[in-house]
Amino acid sequence: QVQLVESGGALVQPGGSLRLSCAASGSSFRLYVMAWYRQAPGKQRELVAAITSGGSTNYAKSVRDRFTITRDNTKKRVYLQMNSLKPEDTAVYYCNAAAVELDAWGQGTLVTVSS
């Protein structure tokens, strides 16, 4: 069973930056596709960014050029660097690990962008 623990959520002003971190358990982290999703109040959960085991990345159009997903296989962590934050980025951000017969989720971390 893979466990994921997110951290780094906070209240930040528009235009600010945050770095989210997700720590994973398990010995096969390097094989997982890791992703960040978010869910805003009253909205469906949506994919924000993903990174494959080989380091290929994919971003939602709304965050491209502002957010960067990276991974550290040695530390079993995935990060989401968020710059130029907007009020519409306000949401609970979830970490996801996916592989064959694996679909694990963290508990989420709240990001609030407000002045």
Add +1 for every Lys or Arg and -1 for every Asp or Glu among the other residues with Cβ under 15 Å from the Cβ of Thr109, and state the total. +2
Return the lysines within reach of Lys61: Cα separation strictly under 28 angstrom, same-chain partners fewer than 8 residues apart disregarded; answer none if there are no such residues. Lys43, Lys76, Lys86
Lys43 and Val100 label points (each 7 Å along its Cα→Cβ direction) are spaced in nm at 3.6 nm
Within the stretch 67-86, name every residue whose backbone N is under 18 Å away from a label modeled 7 Å from Cα of Leu110 along the Cβ vector. 86
Which of the peptides 38-45, 17-24 is most tightly packed, and how do the rest follow, judged by the mean count of other Cβ atoms within 10 Å per residue? 17-24, 38-45
Taking every DSSP bridge whose two residues both lie in the chain, the antiparallel percent to the nearest 5 is 95 percent
In percent, what relative contact order does the chain have, based on Cα pairs under 8 Å that are 6 or more apart in sequence? 36 percent
Which number do you get for Rg(Cα) / (2.2 N^0.38 Å) in the stretch 1-59? 1.30
Hull volume per residue for the chain, using the convex hull of the C-alpha atoms, in Å³ is 93 Å³
Residue separation between Lys75 and Ser56 times 0.36 nm, minus their alpha-carbon distance, gives in nm 5.0 nm
Quick check: net charge around Arg71, other residues with Cβ under 11 Å of its Cβ, Lys/Arg +1 and Asp/Glu -1? +3
Tally Lys/Arg at +1 and Asp/Glu at -1 over every other residue whose Cβ is under 10 Å from the Cβ of Asp89; what's the total? +2
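Bear in mind that the values in this text are calculations on the coordinates, not laboratory data. Model, not experiment: these values are computed from the prediction. Positions of Cβ are generated from backbone atoms using ideal geometry, with glycine treated the same way; all protein chains shown enter the neighbour counts.
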